[in-house]
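Notes to accompany the following structure.
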Amino acid sequence: MSETYDPAAEVPKISACLTAIVDMHQRLLTQAIHHAADREMPGGTAMVMLGPVGDRRRWDERFYTLEHAWLEGESDEDPYAYVWDDDADDEPPLATLAYWSDFIREQRGESTRLRATVEREADYLRSRLTWAADDNGHGDPNLLEFPLMDDALRSCRARLETVLIEGVRLDRGAPCLQCESTLERVTHARRSHDECEGHDRGHGPVCPYPQQGCCDRGGGQEWFRCRKCQRTYDEASYRLAVAAAFRAHAPALTAADIELTWGVKASLVRLWGSRGHVAKRGKDRHGITLYDVEQVRQRHAGAGDVA
């Protein structure tokens with residue numbers, strides 16, 4: 001264990017991690033329904049992570065027994081023939097939580113006959129974190145495998161975040177319209193569903209005539225935020241910010257965009273262009289003439305609004 005790793009200091013973080021795992025696990029079904037039409041895997045990875053799990057510890061014990069017999073020449077059965085994927089990318093949260101709760105229960109003599117659930121195993125682990133991190137009198141935590149459990153739970157949370165797009169995914173965007181700092185795109189899973197009047201017609205949660213944006217069953221929800229001034233943008237507002245950023249740095253713009261961005265009257269820009277005072281730079285996709293922005297700015301700075 002690293003000399004800088006302090007199990008006691010990690011207890012609050014692991015507790016928060018367990019809370020996040022339970023919260024995200026409850027949203028897996030919504031995500032699975034959203035991907036129900038997936039031809040390759042109906043329900044997608046979310047359905048896999050909701051699936052039933054076996055006892056991973058018993059599997060480990062059987063594997064190690066078979067491996068020992070194979071290495072000692074007592075068996076011709078290759079144990080590695082049963083191992084296809086060691087990275088556990090799609091391991092269900094219940095499998096991870098049950099493995100470590102059973103591990104701790106065995107060490108503490110606290111066996112149970114209750115059926116394992118994500119909530120139950122998370123609650124048990126949370127209640128035993130302090131004991132697991134306490135010093136055993138030899139400079140190590142009571143649970144010697146504490147760092148491994150920490151890593152496993154963090155990996156479990158990361159897998160859920162990947163499936164649900166729940167973790168904050170930051171992408172750099174256009175400058176903020178207010179302070180010009182770079183915006184960051186934030187993606188979260190939807191926490192609520194939009195409903196229209198169709199839900200009031202006795203059909204339960206199913207809308208008989210869903211409108212656009214109504215009855216959303218999952219997917220990502222995005223907005224943009226500025227870390228400096230804390231202003232947030234929805235998609236429409238962000239498009240305006242992108243357009244403003246483009247106009248501010250574009251070498252050529254239409255006369256209307258030059259007036260909007262640089263304050264030079266569009267009619268004056270067109271007149272300068274027709275008289276050859278500023279260069280024309282082709283046309284945009286709508287067939288509207290583009291003018292050299294730098295030349296327009298230089299002429300306006302020297303001649304003002306004189307034609």
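The values are calculated or read from the model by the stated rules, or taken from the named source; none is laboratory data. Here the structure is a predicted model, which means the values were calculated and not measured. Backbone-built Cβ (ideal geometry, glycine too); neighbour counts: all protein chains shown.
Per-structure values
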quantity	calculated
Matching entry among GLY263, GLY273 (being among the small types (Gly, Ala, Ser), on the phi > 0 side of the Ramachandran plot and out of contact with any helix residue (DSSP H, G or I) (no Cβ under 7 Å at 6 or more places or on another chain))	GLY263
Unmet criterion (only one of (1) acidic (Asp, Glu); (2) at pLDDT below 90; (3) surrounded by 15 or more Cβ atoms within 10 Å (Cβ to Cβ)) for ASP140	(3)
Members of segment 260-280 found to be of a type in the set (A, V, I, L, M, F, W, C) and crowded, with 17+ Cβ neighbours inside 10 Å, listed by number	VAL264, LEU268, VAL269, TRP272, VAL278
Any hit, segment 284-295, residues being assigned to a helix (DSSP H, G or I) and either more than 24 Å from PRO175 (Cα to Cα) or of a type in the set (Gly, Ala, Ser) (or both)	yes
Matching residues in segment 283-304 - criterion: being small (Gly, Ala, Ser) and either closer than 22 Å to ALA244 by Cβ or surrounded by 12 or more Cβ atoms within 10 Å (Cβ to Cβ) (or both)	ALA301, ALA303
Subset of segment 95-116 [closer than 27 Å to LEU160 by Cα and small (Gly, Ala, Ser)]	ALA95, ALA98, SER101, ALA116
Complete set of residues in segment 218-233 that are assigned to a loop (DSSP other than H, G, I, E, B) and either of a type in the set (Ser, Thr, Tyr) or modelled with pLDDT of 70 or more (or both)	CYS226, ARG227, LYS228, CYS229, GLN230, ARG231
Sole exception among (1) closer than 30 Å to ARG239 by Cβ; (2) modelled with pLDDT under 80 for VAL206, by number	(1)
Counted residues, segment 234-259 - those being loosely packed, with under 15 Cβ neighbours inside 10 Å, touching a helix residue (DSSP H, G or I) at 6+ places or on another chain (Cβ under 7 Å) and either free of Cβ contacts under 8 Å to residues at least 12 places away in the same chain or assigned to a helix (DSSP H, G or I) (or both)	2
The lone exception for LEU125 - which of (1) in contact (Cβ under 8 Å) with a residue 60 or more places away in the chain; (2) surrounded by fewer than 15 Cβ atoms within 10 Å (Cβ to Cβ); (3) among the aliphatic types (A, V, I, L, M) it fails	(2)
